[in-house]
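See structure below.
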Amino acid sequence: MPMTQLAIGDKAPEFSLPRDGGQTVNLSDFAGKRVVLYFYPRDDTTGCTKEAIGFTENVQAFAALDTVILGVSKDGVKKHDKFVAKHALKIALLSDEEGDVCERYGVWVEKSMYGKTYMGIERATFLIDADGKIAQIWRRVRVPGHVDAVLDAVRGL
């Protein structure tokens, strides 16, 4: 049950989060650029790894379009560091251990697996334009083909 349901055209909620490598990233650091902000459940799981590698493989194509890629999960910075090193990732992974940013973006949701319900991060991607407004939202993302769809959307801005 997301607290916030963001819509296309809304101002993207500002945040300040620690990232792999230890620096702090603010959304406002990227004013004037496009941002692909993607939320994923957990480092080093099959789908999350494929998604991170997919974004890494296309990082130059996104950069050529003045677009930064930021991945967010509730995993800590140390776990992110291991994930980045293990898969040679070239994207920033932000740690939202408190879940505040997940709540503000409406991706902390009730999920169910094997008949049990629990709270978790919905795999979702937000494309934020150079003015800081949400240009596109993908919810309940399926990893195959997703990176290409996001890249096409960026090209269309």
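Just so you know, all these numbers are worked out from the coordinates, no wet-lab data involved. Since we're looking at a predicted model, the values are computed, not measured.
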Output the antiparallel fraction of DSSP beta bridges having both residues in the chain, as a percent to the nearest 5.
65 percent
Only Cα pairs under 8 Å and at least 6 apart count here; give the relative contact order of segment 1-133 as a rounded whole percent.
38 percent
